[in-house]
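Enquirer: Got a structure for you, written out below as structure tokens; questions coming shortly.
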Amino acid sequence: MSAREFNFDGLVGPSHNYAGLSFGNVASFSNVKSASNPRLAALQGLAKMRALAARGFGQALLPPQDRPNFRLLRSVGFTGSDAEVLARAAKEAPVILACAYSASPMWTANAATVSPSADSADGRLHFTAANLNNKLHRAFEHTQSARALRAIFKDEKHFAVHDALPGTPAFGDEGAANHTRLCKDHGSAGVEVFVYGRTEFDAAASAPKKYPARQTLEASQAVARLHGLSAERTVYVQQNPDVIDQGVFHNDVIAVGNANALFYHEQAFADEAGALDQLRRALAGVDTDLKAIRVDTDRVPVADAVASYLFNSQLLSKDNGKMALVIPQECQEVASVANYLEGLVAGGSVIDELIHFDLRQSMRNGGGPACLRLRVALTDAEAAAMHQGVVMTEALYHTLVVWVEKHYRDRLGPADLADPQLAIEVHTALEELSRILGLPGLYDL
Ligand code: SUG
């Protein structure tokens, strides 16, 4: 069956700010407490969506989540009216207030793991919301993520949206950021590749020493079971613990796959040769050869890959049989990466085009082009069955630009989170958004 890949980008929410909440994510820690520009962040994200939609790539969006998260604040003992809750949290626990305000659901690569219907036993498209239990500010996202996915992918004949795995360290799950799918084409059965950072129930297994491994093998296996994936077409690969300790907090910071191509750094995996061997063998079962595009440390050191987010790129199939690499502007600014990319596109690789975007507002929190999107391969029938109000069009783009300009602040510093007016502004903006997207009740929690 033929299928088309849609990228569901996270629409940046009105409370986008830099709170330094993600230990192990170098950018988040470096920019802590600097002022953000939520309006610019949202416009930068929308510009990417618009440009890729205009090029003919399948493009849609996932809405931001309601902020501040009063459920979180009340669950840890801040009581009274909303204004009282905010005032007490600002005074007694500003970091928890920042968690409740985080716009982190914008990185939709962490919203869920997705298995297309061509891969699942029951022929449905499966989603499992990621529990994101490694970070307080992200550990509550899954309820609203599952809710939004169920609103968009409602028809149970085609779609299954699973609740997040138990929110305990054994099942640390960060969604599609640690998952990629290799295949001949989007519509035929593919090989699903889960990359994990540590194993809970094997004390002898290697693990990072400095920074947390957010994804476990046990979580990856559980998602594969929920999605009804076949053992022959499912591969588990361990991430190199040393690169996690250098700031590679998700696999999508060091590798990206599309169709039969895997673009990755030499140091991405704990056992590179073993990983490639497993992938080749599984792909042989779907009559496909792996196209491995390896970037050597001599050409691009891990630190430059992390600084530029070279691998946090989108690899998109084009009609000419080649692929475009969607990269952040920072790739042009890090010399080793800029040189590498120049050689790559000139050298007859399957990647024959670079498309770059200014996503600096998101990048400053460690979120590049690939973090901002959730890939969903849809057959024609599935694409017709999903909610259409989230599909990016020129008309929706223009409506959303007006909406952003009306509701978003152009500066948000740490002290602004204590302003009770901000909570009202965010809620008002999101109520209007649910009407624009045709998703009434999305924020009636
Ligand atoms: O989980 N940053 C996010 C970035 C997520 C990137 N996603 C992928 N690689 N797929 C994170 O670390 C920073 C928030 C703050 O510090 O204010 C943050 O959550």
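The values are calculated or read from the model by the stated rules, or taken from the named source; none is laboratory data. Everything numeric here is computed off the predicted structure, so don't read it as measured data. Every residue, glycine as well, gets a Cβ built from its backbone with ideal geometry; the counts of neighbours run over all protein chains shown. The area values use the complete protein model at the heavy-atom level, side chains included, leaving out ligands, DNA and RNA. Shrake-Rupley method; radii C 1.70, N 1.55, O 1.52, S 1.80 Å.
Enquirer: Determine which lysines satisfy two conditions relative to residue 209: a Cα distance under 27 Å, and not lying fewer than 8 residues away in the same chain.
Expert: Partners found: 33, 135.
Enquirer: While we're looking at this one, here's another question. Which whole-number percentage describes the relative contact order of the chain, with Cα contacts under 8 Å and a sequence gap of 6 or more?
Expert: 23
Enquirer: So what is the diffusion coefficient of region 1-86 in µm² per second by Stokes-Einstein at 10 °C and 1.306 mPa s, using a Kirkwood Rh over Cα pairs?
Expert: For these conditions, the coefficient is 100 µm²/s.
Enquirer: State, to one decimal in nm, how far the label point of residue 345 lies from the label point of residue 232, with both points 7 Å from Cα in the Cβ direction.
Expert: 4.0
Enquirer: Within a Cβ distance under 12 Å of residue 61, other residues only, what is the Lys/Arg minus Asp/Glu net charge? Let's see the in-between values first.
Expert: Values: positive: 48, 50, 373; negative: 9.
Local charge sum for residue 61: +2.
Enquirer: Divide the volume of the convex hull of the Cα atoms of region 283-419 by its number of residues and quote the answer in cubic angstrom per residue. Mind showing how you got there, number by number?
Expert: Numbers: hull volume 26.9 nm³, N = 137.
So the per-residue Cα hull volume is 196 Å³.
Enquirer: Continuing with this model, one more query. Ignoring ligands, DNA and RNA, what percent of the accessible area of the chain is carbon or sulfur (1.4 Å)? Write down the numbers at each step before the final one.
Expert: Working: 8610 of 16550 Å².
Carbon and sulfur atoms account for 52 percent of the accessible area of the chain.
Enquirer: Then there's this: Report the Rg/Rh value for region 88-219, based on alpha-carbon coordinates and the Kirkwood definition of Rh. Mind showing how you got there, number by number?
Expert: On the way: Rg = 16.6 Å, Rh = 16.1 Å.
Ratio of gyration radius to Kirkwood radius: 1.03.
Enquirer: Another question, then. Taking a 1.4 Å probe, which of 317, 220 shows the most accessible area, and what order do the others take after it?
Expert: On the way: 317 55, 220 0 Å².
The ordering from most to least exposed comes out as 317, 220.
Enquirer: With a ≥ b ≥ c taken as the square roots of the eigenvalues of the C-alpha gyration tensor of region 230-338, please select rounded if a/c is under 1.5 and otherwise prolate if a/b is larger than b/c or oblate if it is not?
Expert: Values: a/c = 2.26, a/b = 1.30, b/c = 1.73.
Oblate shape, in that a/c is at least 1.5 and b/c is the bigger or equal ratio.
Enquirer: Evaluate E = 1/(1 + (r/R0)^6) for residue 277 and residue 387, where r is the Cβ-Cβ distance and R0 equals 41 Å; express this FRET efficiency to the nearest 0.05.
Expert: Details: r = 41 Å, r/R0 = 1.01.
It comes to 0.50.
Enquirer: Right, another one. Straight-line reach only, C-alpha to C-alpha below 27 angstrom: list the lysines that residue 154 could link to, leaving out same-chain residues fewer than 8 apart.
Expert: Cross-link targets: 48.
Enquirer: Helix 272-284 versus the longest principal axis of the chain: what angle, 0 to 90°, nearest 10, using Cα atoms?
Expert: The angle comes out near 80 degrees.
Enquirer: Remind me, what semi-axes does region 216-262 give for its equivalent ellipsoid, largest first in whole Å, using sqrt of 5 times each Cα gyration tensor eigenvalue?
Expert: Numbers: eigenvalues 100, 45, 14 Å².
Listed largest to smallest, the semi-axes of region 216-262 are 22, 15, 8 Å.
Enquirer: Cα convex hull of region 340-445: how many Å³ per residue? If you can, show how the numbers build up before the last one.
Expert: Values: hull volume 18.7 nm³, N = 106.
Roughly 176 Å³ of hull volume per residue.
Enquirer: Among 276-283, 233-240, how do they line up by average Cβ neighbours within 10 Å per residue, starting with the highest?
Expert: Numbers: 276-283: 17.1, 233-240: 22.1.
Sorting 276-283, 233-240 by mean packing, highest first, produces 233-240, 276-283.
Enquirer: Let me ask you something else. For the pair residue 410 and residue 33, what calculated FRET efficiency results from E = 1/(1 + (r/R0)^6), where r is the Cβ-Cβ distance and R0 = 25 Å, to the nearest 0.05? Mind showing how you got there, number by number?
Expert: Numbers: r = 18 Å, r/R0 = 0.71.
With a Förster radius of 25 Å, E is 0.90.
Enquirer: Then there's this: What nm value, rounded to one decimal, do you get for the distance between residue 54 and residue 329 when each label is placed 7 Å out toward the C-beta?
Expert: It works out to 1.6 nm between the two label points.
Enquirer: Taking only protein heavy atoms and a 1.4 Å probe, what accessible area per residue, in Å², does the chain have with all protein chains in place? Intermediate values should be presented prior to the final figure.
Expert: On the way: 16550 Å² over 445 residues.
Roughly 37 Å² per residue, with all protein chains present.
Enquirer: Using all C-alpha to C-alpha distances in the chain, build P(r) with 10 Å bins and read off the rounded percent in each one.
Expert: Reading upward from the zero bin: 5, 23, 34, 27, 10, 2, 0.
Enquirer: Still on this structure, please answer the following. Of all the Cα-Cα pairs you can form in region 125-181, what percent are over 19 Å apart? It would help to have the intermediate numbers written out before the result.
Expert: On the way: 455 of 1596 pairs.
Looking at region 125-181, the distances longer than 19 Å represent 29 percent of pairs.
Enquirer: Let me ask you something else. Report Rg (one decimal) and Dmax (nearest whole number) for region 258-319, counting Cα atoms only, units Å.
Expert: 13.0, 37
Enquirer: Moving on to the next point. State the Kirkwood hydrodynamic radius of region 158-284 in Å, one decimal place, computed from all pairs of distinct Cα atoms. Could the numbers behind the result be given before it?
Expert: Values: mean 1/r = 0.0672 Å⁻¹.
Its Kirkwood hydrodynamic radius stands at 14.9 Å.
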